[in-house]
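Reviewing the structure listed below.
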Amino acid sequence: MSTLFIADLHLSGERPHIIRLFRDFLRKEARQADALYILGDLFEAWLGDDAVPADMVDVLHDINHLTKSGVPVYVMVGNRDFLLGTKFENMTGCMLLPDPSIVNLYGTDTLLMHGDTLCTDDIDYQAIRKQIRSPQWRQAILAKSIEERVKIAREARAESRARTREKSNDIMDVNTQAVENAFRTHDVNRLIHGHTHRPAVHESIINDKAVTRIVLGDWYNKASVLRVTTDTIELTTPD
């Protein structure tokens, strides 16, 4: 048995093959797991629990079937689906995790993050993140009609794409000092996160201790899964 970690699926009706791939994963491999952790950006966009896209209904049903089968599913929101809430939990049987969270993974305390807060060199993004994660902004956006939310999300995505094209890859990657601070603050030897879409296992030394940072891959073209057991760590990455 293993514990599975995935992130950055960005499920969208525009990529039906990834929806099919994820549903197949839920019905097969995930059924054999001790637990499944989804560390952010499960959906390309989530405009509120009252605005479930029609092409995501079956996905929610499959997640619910998985949790009802006895496999716990933990979901951490990302920068695309931070409006997930308690109704989503009720619909799926998932548990929303705060970012960051520490879990004991087969005897090893492991820090879980989406990963965007580690990208501190991207000053513009961090400022926007702080604004839209405030309770006041959340309340204001959810008070709008679904049509208004769709329009706002479309405009925000177009603006985000434009800003991204202007930024270097290094700016959008994690900041080394931010990573070191996370290890020190939480006093752990292992960190798992997504967001950067740069799957890898990084080994380093911090405060004379060996630490491991595992970056999950995205699901833009195929699945990327981290499998952790008592003795092994296996990260499958897209080609």
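Considering (1) in a loop (DSSP other than H, G, I, E, B); (2) within 18 Å of T229 (Cα to Cα), say which one A51 fails and leave the rest.
Checking A51 against (1) in a loop (DSSP other than H, G, I, E, B); (2) within 18 Å of T229 (Cα to Cα), the one that fails is (2).
Please count how many residues of region 83-95 are surrounded by fewer than 15 Cβ atoms within 10 Å (Cβ to Cβ) and not polar (S, T, N, Q).
Total satisfying the criteria: 2.
Say we look at region 213-239 and pick out the residues that are among the polar types (S, T, N, Q) and within 16 Å of L36 (Cβ to Cβ); which of these is modelled with the lowest pLDDT?
That would be T236.
If you take the residues of region 55-82 that are under 18 Å from R23 (Cβ atoms) and free of Cβ contacts under 8 Å to residues at least 24 places away in the same chain, which of them is surrounded by the fewest Cβ atoms within 10 Å (Cβ to Cβ)?
V57
Which numbered condition in (1) closer than 18 Å to H10 by Cβ; (2) of a type in the set (K, R); (3) in a helix (DSSP H, G or I); (4) in contact (Cβ under 8 Å) with a residue 12 or more places away in the chain is the only one that R198 fails?
Of (1) closer than 18 Å to H10 by Cβ; (2) of a type in the set (K, R); (3) in a helix (DSSP H, G or I); (4) in contact (Cβ under 8 Å) with a residue 12 or more places away in the chain, only one is false for R198: (3).
Identify, please: which residue in region 112-159 is hydroxyl-bearing (S, T, Y) and in a loop (DSSP other than H, G, I, E, B) and is, among those, farthest from the chain's Cα centre (by Cα)?
Looking at residues that are hydroxyl-bearing (S, T, Y) and in a loop (DSSP other than H, G, I, E, B), I get S145.
Which of the residues belonging to region 178-219 are surrounded by 19 or more Cβ atoms within 10 Å (Cβ to Cβ) and hydroxyl-bearing (S, T, Y)?
T196, the sole residue that qualifies.
Quickly run through region 27-37 and pick out the residues that are buried (at least 21 other Cβ atoms within 10 Å of the Cβ) and either in contact (Cβ under 8 Å) with a residue 40 or more places away in the chain or not aliphatic (A, V, I, L, M) (or both).
A30, Y37
Quick one: how many residues across region 213-239 are part of a loop (DSSP other than H, G, I, E, B) and either of a type outside the set (A, V, I, L, M) or more than 19 Å from L191 (Cβ to Cβ) (or both)?
Matching residues across region 213-239 total 15.
Taking region 160-183, which residues are assigned to a helix (DSSP H, G or I), of a type in the set (D, E) and modelled with pLDDT of 70 or more?
E180
Checking the conditions here, which among L39, L26, L66, L111 is closer than 15 Å to V225 by Cβ and touching a His at 6+ places or on another chain (Cβ under 7 Å)?
On inspection, the qualifying residue turns out to be L39.
The values are calculated or read from the model by the stated rules, or taken from the named source; none is laboratory data. For clarity, every value in this text was computed on a predicted model and none was experimentally measured. No Cβ is skipped: glycine too gets one built from the backbone with ideal geometry, and neighbour counts run over all protein chains shown.
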